[in-house]
């Protein structure tokens with residue numbers, strides 16, 4: 001898959017996976033049992049999704065043992081995982097802006113020193129915020145135009 | 001659903017939907033038949049996903065007629081849809097940074113005047129880019145803590 005959106009989605013592009021990441025990255029959930037209870041997700045699906053995230057280096061699996069219990073597992077986000085906070089922030093912001101909950105927005109994004117109103121946005125290479133409508137996302141020289149053309153022509157009858 | 005991430009995902013959180021949006025927002029695809037060919041998606045699934053996006057006000061459906069053909073439909077992103085460019089940009093950037101394609105990155109993000117290297121990032125209310133690791137995403141006063149606590153306790157045996 002040449003498209004980075006598609007490759008990223010092949011790892012995280014599933015509703016449960018986004019919700020697992022929300023718990024891991026925003027709520028500090030780490031224990032398998034807590035993911036299970038908070039999300040109401042079937043354990044076999046949870047195992048499968050967590051394993052995918054561990055294999056991709058997004059979460060790190062650790063063993064822990066509580067007094068008098070058998071060994072259990074916890075899951076902790078890696079630096080690679082932390083970078084997905086932006087994807088979650090962008091999804092959250094779109095929901096807040098376009099389909100806000102009746103009772104008001106339930107999460108706020110703030111700076112390290114506690115100032116609210118942090119937004120996700122485009123930023124130029126020299127650090128200047130850009131209006132989304134001004135930003136162009138265009139094919140580079142590595143873009144496989146022939147493949148795209150073939151698809152368009154190939155399926156035409 | 002009180003969580004904005006979850007509400008947004010209830011509309012766009014499906015792999016095909018993201019890819020349809022990629023075509024609509026980044027590649028300028030508008031015709032039903034072109035979405036079908038480019039994505040290799042089954043027409044019934046494509047109809048269903050496009051209808052969801054139209055109902056949510058993300059795409060606008062228009063009828064058009066080519067010389068000697070029956071009426072067909074095209075799909076055009078709305079301002080609400082344009083805002084999802086940030087979600088796509090964040091997914092793309094994560095893929096570019098963490099699992100880049102062998103042949104080099106295939107899409108570039110640039111400013112209106114053609115400067116490359118635009119990134120998706122967090123920006124404070126006064127317009128200053130923030131390191132993702134510094135940004136805190138925290139529950140507001142509207143966050144239903146009781147519901148979360150109940151889930152954690154309720155499912156415990």
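The values are calculated or read from the model by the stated rules, or taken from the named source; none is laboratory data. All figures in this text were calculated on a predicted structure; none of them were measured in a lab. As a convention, Cβ positions derive from the backbone with ideal geometry for all residues, glycine included, and neighbour counts pool all protein chains shown.
Applying the set (1) free of Cβ contacts under 8 Å to residues at least 40 places away in the same chain; (2) in contact with a helix residue (DSSP H, G or I) (Cβ under 9 Å, 6 or more places away or on another chain); (3) more than 7 Å from chain B (Cβ to nearest Cβ); (4) part of a helix (DSSP H, G or I) to residue A:92 leaves exactly one unmet item: (3).
Just to be sure, is residue A:45 more than 21 Å from residue B:100 (Cα to Cα), outside the structural domain of residue A:148 (by TED's automatic domain parsing), modelled with pLDDT of 95 or more and in contact with a helix residue (DSSP H, G or I) (Cβ under 7 Å, 6 or more places away or on another chain)?
Numbers: more than 21 Å from residue B:100 (Cα to Cα): yes; outside the structural domain of residue A:148 (by TED's automatic domain parsing): yes; modelled with pLDDT of 95 or more: yes; in contact with a helix residue (DSSP H, G or I) (Cβ under 7 Å, 6 or more places away or on another chain): yes.
Against the criterion (more than 21 Å from residue B:100 (Cα to Cα), outside the structural domain of residue A:148 (by TED's automatic domain parsing), modelled with pLDDT of 95 or more and in contact with a helix residue (DSSP H, G or I) (Cβ under 7 Å, 6 or more places away or on another chain)), residue A:45 qualifies.
Only one entry of B:147, B:49 meets the criterion of being closer than 30 Å to residue A:58 by Cα, under 19 Å from the mean Cα position of the chain (by Cα) and in a helix (DSSP H, G or I), and that entry is B:49. Checking the conditions here, which among A:68, A:117, A:104, A:127 is more than 7 Å from chain B (Cβ to nearest Cβ) and at positive phi? The conditions single out A:68.
Report whether or not residue A:34 is in the same structural domain as residue A:142 (by TED's automatic domain parsing), buried (at least 17 other Cβ atoms within 10 Å of the Cβ) and out of contact with any strand residue (DSSP E or B) (no Cβ under 6 Å at 6 or more places or on another chain). So residue A:34 does not fit the description; no.
Being surrounded by fewer than 15 Cβ atoms within 10 Å (Cβ to Cβ), facing chain A (nearest Cβ under 7 Å) and over 24 Å from the mean Cα position of the chain (by Cα) is a property that residue B:141 lacks. Number of residues in segment B:71-84 that are crowded, with 22+ Cβ neighbours inside 10 Å and within 7 Å of another protein chain (Cβ to nearest Cβ) equals 1.
Here's the yes/no breakdown for (1) over 22 Å from residue A:63 (Cα atoms); (2) at the interface with another protein chain (Cβ under 7 Å from one of its Cβ atoms):
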site	(1), (2)
A:1	yes, no
A:5	yes, yes
A:21	no, no
A:35	no, no
A:43	no, no
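Per the listing B:45, B:11, B:58, the residue uniquely without any contact (Cβ under 8 Å) to a residue 40 or more places away in the chain and either surrounded by 15 or more Cβ atoms within 10 Å (Cβ to Cβ) or more than 30 Å from residue B:148 (Cβ to Cβ) (or both) is B:45. Taking the conditions exactly as written (under 22 Å from the mean Cα position of the chain (by Cα), at pLDDT 90 or above and not assigned by TED's automatic domain parsing to the domain that holds residue A:54), does residue A:114 satisfy them or not? Answer is no for this residue.
With the condition kept exactly as written, say whether any residue in segment B:4-26 is more than 15 Å from the chain's Cα centre (by Cα) and outside any strand (DSSP E or B). Please lay out each step first, then the result.
Let us first name the residues in segment B:4-26 that are more than 15 Å from the chain's Cα centre (by Cα), namely none.
Checked against the condition, which is being more than 15 Å from the chain's Cα centre (by Cα) and outside any strand (DSSP E or B), segment B:4-26 yields no hits at all.
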